[in-house]
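To keep things clear, I will list the structure first and then write my remarks on it.
The values are calculated or read from the model by the stated rules, or taken from the named source; none is laboratory data. These figures come from a predicted structure and were not determined experimentally. Note: ideal-geometry Cβ built from the backbone for every residue, glycine included; neighbour counts use all protein chains shown.
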Amino acid sequence: MKKLQLTIYLNESDRIGDIPLHEDVVRRLLNFDIAGATVTPGSMGYGKHGRVHRKRLFGVSDDRPVVITAIDEESRIRPILTELKAVILEGLITLHEVEIV
């Protein structure tokens, strides 16, 4: 069975108002009745600015990466993309066809 995987790359410190952006995005996905979403914190990464983000001494973070993954029918994923692009200014959004086994 073919589905579409939405993957969003953000930083822990990305916010929309007082709310972490990854929380806002997950709530938007839920409001669009996307089948499910998972937020995965990264231990280390870098983006277009070339600055490495990682966990430091004593577990203190310097803005670690966060990945949100959602998989659903293309007809359910595509309608939310415009809304997501409006709030995700520094992150990366990718789409991939996946096969559910």
**Request:** Answer yes if at least one residue in the range 37-50 is of a type in the set (D, E, K, R) and part of a strand (DSSP E or B), and no otherwise.
**Result:** no
**Number of the exception - Ile100 against (1) touching a helix residue (DSSP H, G or I) at 6+ places or on another chain (Cβ under 7 Å); (2) at pLDDT below 95** = (1)
**Fill in**
Among (1) at pLDDT below 95; (2) closer than 16 Å to Asp14 by Cα; (3) surrounded by 14 or more Cβ atoms within 10 Å (Cβ to Cβ), Lys55 falls short only on (2)
**Prompt:** Lys3 is checked against (1) farther than 14 Å from Pro65 by Cβ; (2) free of Cβ contacts under 8 Å to residues at least 12 places away in the same chain and fails just one. What number does that condition carry?
**Reply:** (2)
**Message:** Val67 - would you say it is of a type outside the set (Asp, Glu), modelled with pLDDT under 95, under 25 Å from Lys2 (Cβ atoms) and not in a helix (DSSP H, G or I)?
**Reply:** no
**Request:** Only one of these is in contact with a Lys or Arg (Cβ under 6 Å, 6 or more places away or on another chain) and small (Gly, Ala, Ser): Gly36, Gly17, Gly42, Gly47. Name it.
**Result:** Gly42
**Complete:** Glu74: passes all of (1) in contact with a helix residue (DSSP H, G or I) (Cβ under 7 Å, 6 or more places away or on another chain); (2) at pLDDT 95 or above but (1)
**Message:** I'm trying to understand the selection: among the residues of the range 14-52, which are hydroxyl-bearing (Ser, Thr, Tyr), at pLDDT below 95 and out of contact with any His (no Cβ under 9 Å at 6 or more places or on another chain)?
**Reply:** Ser43
**Prompt:** Could you say whether any residue in the range 33-42 is surrounded by 13 or more Cβ atoms within 10 Å (Cβ to Cβ) and acidic (Asp, Glu)?
**Reply:** no
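Matching residues to (1) of a type in the set (S, T, N, Q); (2) surrounded by 12 or more Cβ atoms within 10 Å (Cβ to Cβ):
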residue	(1), (2)
Ile8	no, yes
Glu12	no, yes
Ile19	no, no
Arg28	no, yes
Val66	no, yes
Arg78	no, yes
Thr82	yes, no
Lys85	no, no
